[in-house]
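Engineer: Okay, handing you the structure first.
The numbers here are math on the coordinates, done by the rules we state, and not lab data. Model, not experiment: these values are computed from the prediction. Every residue, glycine among them, receives a Cβ derived from its backbone with ideal geometry; neighbour counts consider all protein chains shown.
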Amino acid sequence: MGTGQISGPAAEADPAARRREQRGWYFYDWANSVFATSVLTVFLGPYLTEIAKAAADADGYVYPLGIPVRDGSFFAYTVSVSVLLSVLVMPWAAAVADRSGRKKPILAVSAYVGAAATAGMFFLDGDRYLLGGLLLVVANVAYAVSVVVYNAFLPQIALPHERDAVSSRGWAFGYAAGSLVLVGNLGLFLGHEALGVSEGEAVRICLASAGVWWAVFTLVPLRRLLERPAMPAGPDAGGAGGRPDPEGVRAALG
């Protein structure tokens with residue numbers, strides 16, 4: 001493997017088939033980046049903080065699992081818990097995917113768990129801060145796991161000289177989708193009165209729409225990516241390290 005060449009399906013596939021699979025791969029960035037932009041970066045933090053404040057006692061504390069936490073810090077602590085769990089789970093998920101050769105089922109399960117948790121944020125209202133914290137942890141861990149497994153496909157669908165370009169196109173798809181949906185969500189949020197919905201309802205629709213988007217467009221890579229047998233360990237063997245700086249860690253860290 002030290003020669004920079006690979007054998008197996010990626011090397012044997014004809015260029016047209018390989019490009020078709022790569023185009024399907026791009027769409028997982030398109031699907032999941034909306035979670036990082038609309039949910040983690042813009043809407044969930046302020047909204048979950050307001051819900052925590054509604055549930056707080058007279059001193060401004062909430063008590064998840066009996067632990068006193070300032071209402072204004074609940075979102076940050078929840079993100080920290082999700083990052084810690086992600087760090088623990090991601091290597092295990094990557095190892096299982098590599099050893100078993102069953103990346104698609106792991107990608108599907110993690111993606112749809114994350115999408116369902118995100119869509120479930122539509123039900124965050126009143127003082128349901130514990131529900132919000134739970135959904136955030138589940139969604140962020142599932143997101144991180146899915147991106148690690150998604151990245152592990154790269155060495156199997158692209159030859160060594162193609163990988164930088166393929167990876168860059170995936171990033172571009174992700175940023176395009178994140179920007180597109182965020183603009184639409186901001187339009188809904190800023191124009192909620194004209195649309196006849198409350199500010200809270202507008203936020204919940206924005207959050208849930210990210211989960212629906214994630215679920216719908218995940219169908220594209222699941223249809224186009226091919227399942228392959230487990231490959232031996234090595235720098236080009238399809239491990240989770242095939243794409244540097246995994247997006248799941250970057251997004252989880254906020």
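Engineer: Which Cα, out of Leu135, Val197, Tyr28, lies furthest along the positive dipole direction of the chain (beta carbon charges, K/R +1, D/E -1)?
Structural biologist: Of the listed residues, the answer is Tyr28.
Engineer: In the P(r) worked out for the range 83-147, what percent of Cα pairs fall beyond 13 Å?
Structural biologist: 62
Engineer: Can you tell me which of Gly174, Gly126, Gly114 moves the most in a GNM of the chain? Springs connect C-alpha atoms under 10 Å apart.
Structural biologist: Gly126
Engineer: Compute the relative contact order of the chain as a whole-number percentage, counting only Cα pairs closer than 8 Å that sit 6 or more residues apart in sequence.
Structural biologist: 39
Engineer: Right, something else. Based on alpha-carbon atoms only, what is the radius of gyration of the range 156-222 relative to the globular estimate 2.2 N^0.38 Å?
Structural biologist: Against the empirical 2.2 N^0.38 Å value, I get 1.52 for the range 156-222.
Engineer: Send over the semi-axes of the range 26-107's equivalent ellipsoid, whole angstrom and largest first, taken as the square roots of 5 times the C-alpha gyration tensor eigenvalues.
Structural biologist: In descending order, the three semi-axes are 33, 17, 8 Å.
Engineer: Whole-Hz Karplus ³J(HN,Hα) for the range 39-48, in order, using 6.51 cos²θ - 1.76 cosθ + 1.60 and θ = phi - 60°, x for Gly and Pro?
Structural biologist: Here the 3J(HN,Hα) series is 8, 5, 7, 10, 8, 5, x, x, 5, 5 Hz.
Engineer: Would you mind computing Rg(Cα) / (2.2 N^0.38 Å) for the chain, counting N as its residues?
Structural biologist: 1.09
Engineer: Let me ask something else. Can you work out D for the range 71-194 in µm² s⁻¹ from Stokes-Einstein, where Rh is the Kirkwood radius over C-alpha pairs, the temperature is 20 °C and the viscosity is 1.002 mPa s?
Structural biologist: D = 129 µm²/s.
Engineer: Using helices alone, what [θ] at 222 nm do you get for the chain, with -39,500 (n - 2.57) per DSSP H run of 4 or more residues, divided over all residues and rounded to the nearest 500?
Structural biologist: One gets -22000 deg cm²/dmol as the mean residue ellipticity at 222 nm.
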